[in-house]
1. Taking the chain as a Gaussian network, where each spring joins two C-alpha atoms under 10 Å apart, which residue of 118, 43, 20 fluctuates the most?
2. Keeping every protein chain present and rolling a 1.4 Å probe, give me the accessible area per residue for region 28-158 in Å².
3. Taking the Cα atoms only, what angle lies between the long axis of helix 230-240 and the longest principal axis of the chain, rounded to 10 degrees?
4. In percent, what relative contact order does region 29-177 have, based on Cα pairs under 8 Å that are 6 or more apart in sequence?
5. Region 211-260: which chymotrypsin sites (Phe, Trp or Tyr not before Pro) are DSSP loop and have at most 14 other beta-carbon atoms within 10 angstrom?
6. Calculate the length of the line joining the C-alpha centroid of region 117-156 to that of region 240-273, in whole Å.
7. Would you please classify the overall shape of region 145-187 from the alpha carbon gyration tensor, given that a ≥ b ≥ c denote the square roots of the eigenvalues, rounded means a/c under 1.5, and beyond that prolate means a/b larger than b/c while oblate covers the rest?
8. State the Kirkwood hydrodynamic radius of region 41-197 in Å, one decimal place, computed from all pairs of distinct Cα atoms.
Amino acid sequence: MKESILITGATGSLAKYLSYYLSRDFNLKFLTTKKNIVDNKKYFYWNIEKEFIDDQSIKNCKYIIHLAGYSILNRWTSKNKKLMYDSRVKSTKLLYNLVKQNKVNIQAFICASAIGIYENSTDIINEDSALGNSWLSNLAKDWEDSANKFKVLDCRVVLMRISLIFSKKDGFLKYNLLSMKLGIGAILGKKNGIINWMHIEDIARFIKFCIENKKLIGPFNLTVPEKISQYDFYLKMKKHIFFYALIFKIPNLFIRLLLGSRSEIFLSTFNLSSKKIESSGFRFKYFNSNKLIDNITSKKV
């Protein structure tokens, strides 16, 4: 009989890809805020603001993969910041209470987190490096603290400090491919700043790896071993795919004027170490930009 997994963030790109990747080996359940897709068999309703979760969603589950979170790319109004916080921190506390009250034996709680938890630095950042004090950093710290409460329930906790998720169909890579197709490669932040990224397929593979490997615990930087600057990344795409594209840097002042405090997302500097994830035994499929370009020019996701 297949083990059951509860996944949050059902309509997000990562959850959608993960469901495709895990469906052959596990019985999957999803929590969603969209009532129109609730069927009480696979999709279950939850309302974070009203502190409601359908407790049938957790029945017989062995693992929880918590991917929900209102996008931080939305405007940083007071209302949206509350949504960003509650969808991550409050939702995690709700899941903890759900498991505790229903006395469910969850073997592992695998929770998304973010590299924004760290202090800005050009030095190599590992999982024990200094944490930041920005609004984003404090959000991520509270998120991880709420996830770590699951340890009290004798549950293994894995924290995925996710960098840019690369997929041709979603997010940063999708829009940059479109931009370069139109002839523009726009650099945000430092020209020589490192791009920290991981392919969506490798993230799904790592989540499955975490389920299967019971010794994996704590935070992991989800980033590839290769260190490549924004400029060199665009040059490589120009050389192999968009030879006609022009590459230029958008001034930091313009980004700050346009985005205000949100500019922190694009102007922060991180140089993440991948040593811990590599030493865990996990093997990347897309471990450098050459592999990524092969994927971009193929028919795969």
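1. Answer for the Gaussian network model of the chain: 20.
2. Values: 6740 Å² over 131 residues.
Per residue, region 28-158 has an accessible area of 51 Å².
3. In the chain, helix 230-240 runs at an angle near 80 degrees to the longest axis.
4. Values: 199 pairs, mean separation 29.6, N = 149.
Relative contact order of region 29-177: 20 percent.
5. On the way: sites: 220, 231, 233, 234, 242, 243, 244, 248, 254; in loops: 242, 243, 244.
Here the chymotrypsin sites (Phe, Trp or Tyr not before Pro) that fit, given the DSSP loop and packing criteria, are 243, 244.
6. So the two Cα centres are separated by 24 Å.
7. Details: a/c = 6.80, a/b = 4.34, b/c = 1.57.
The shape class here is prolate.
8. Details: mean 1/r = 0.0567 Å⁻¹.
Evaluated over region 41-197, this radius sits at 17.7 Å.
The values are calculated or read from the model by the stated rules, or taken from the named source; none is laboratory data. Predicted model only: the values in this text are computed from it and were never measured. Using ideal geometry, Cβ is built from the backbone for each residue, glycine included, and neighbour counts are taken over all protein chains shown. In case anyone asks, the SASA skips ligands and DNA or RNA and just uses the protein heavy atoms, side chains included. Shrake-Rupley method; radii C 1.70, N 1.55, O 1.52, S 1.80 Å.
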